[in-house]
Amino acid sequence: MTEKNMFPFRLQKAFFISIQFIRIPELPEKVHLPLSAEVKVLANQFPETLHVRLRISTPEKHDLMLNLELVGIFTYVEGLPKLDKDIIPDFVNKRALHMLWPYMVQMISNITGQMGTNPIEIDTPYDFKIPLEADKPESAKKEE
């Protein structure tokens, strides 16, 4: 399989399931926004459908708090070879997050701009290395 067709999925739909912004009345002109990202994958209909849930949030007790959750529904492209579930982490980090991240960037910029502050711009990582829920060690799962 060529690099172009390495992942036999296309983004069918992307939609926000949760958007929450809270800010203090007076924000500084420049806001440093520490973000964390979490990815969960629902693959019970794999390989026909794969749901990728991306959550971006700031820590609690910040001048500007945000929590956004976005779901991307990826569907199998007919005619391409069906692959095993072991491809999911590579697909999510090498393709799916690159497709979903711009939705987050745009929403954060739009909403913060509408909140009366300078629009917050977040960078798109060149290389995603976000561990999936299934990839986390048991001790990390218990802490959440």
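FYI, it's all coordinate maths here, none of it is from the lab. The model shown is predicted, which means the values in this text are computed figures rather than measured ones. Heads up, the Cβs are rebuilt from the backbone with ideal geometry, glycines too, and the neighbour counts pull from every protein chain shown.
Within region 69-87, the set of residues being in a loop (DSSP other than H, G, I, E, B) and either crowded, with 16+ Cβ neighbours inside 10 Å or among the aromatic types (Phe, Trp, Tyr) (or both) comprises LEU83 only. Remark: LEU27 matches the filter, which requires a residue to be more than 24 Å from TYR126 (Cα to Cα) and not hydroxyl-bearing (Ser, Thr, Tyr).
For the residues ILE73, ILE108, ILE56, ILE24, the requirement of being out of contact with any Cys (no Cβ under 6 Å at 6 or more places or on another chain), within 21 Å of PRO131 (Cβ to Cβ), in contact (Cβ under 8 Å) with a residue 40 or more places away in the chain and of a type outside the set (Gly, Ala, Ser) singles out ILE56. Applying the set (1) in contact (Cβ under 8 Å) with a residue 40 or more places away in the chain; (2) surrounded by 11 or more Cβ atoms within 10 Å (Cβ to Cβ) to GLN45 leaves exactly one unmet item: (1). Among the candidates PRO47, PRO59, the residue that is touching a strand residue (DSSP E or B) at 6+ places or on another chain (Cβ under 8 Å), within 30 Å of LEU83 (Cβ to Cβ) and not polar (S, T, N, Q) is uniquely PRO47. Pairing residues of region 114-127 that are under 12 Å from LEU27 (Cα atoms) and touching a residue at least 12 places away in the same chain (Cβ under 8 Å) with residues that are of a type in the set (Lys, Arg) and part of a loop (DSSP other than H, G, I, E, B), at Cβ distances under 8 Å and at least 6 apart in sequence or on separate chains, gives ASN118/LYS30. Of the residues screened, LYS13 is not one that is touching a residue at least 60 places away in the same chain (Cβ under 8 Å), in contact with a strand residue (DSSP E or B) (Cβ under 6 Å, 6 or more places away or on another chain) and under 16 Å from LEU132 (Cα atoms).
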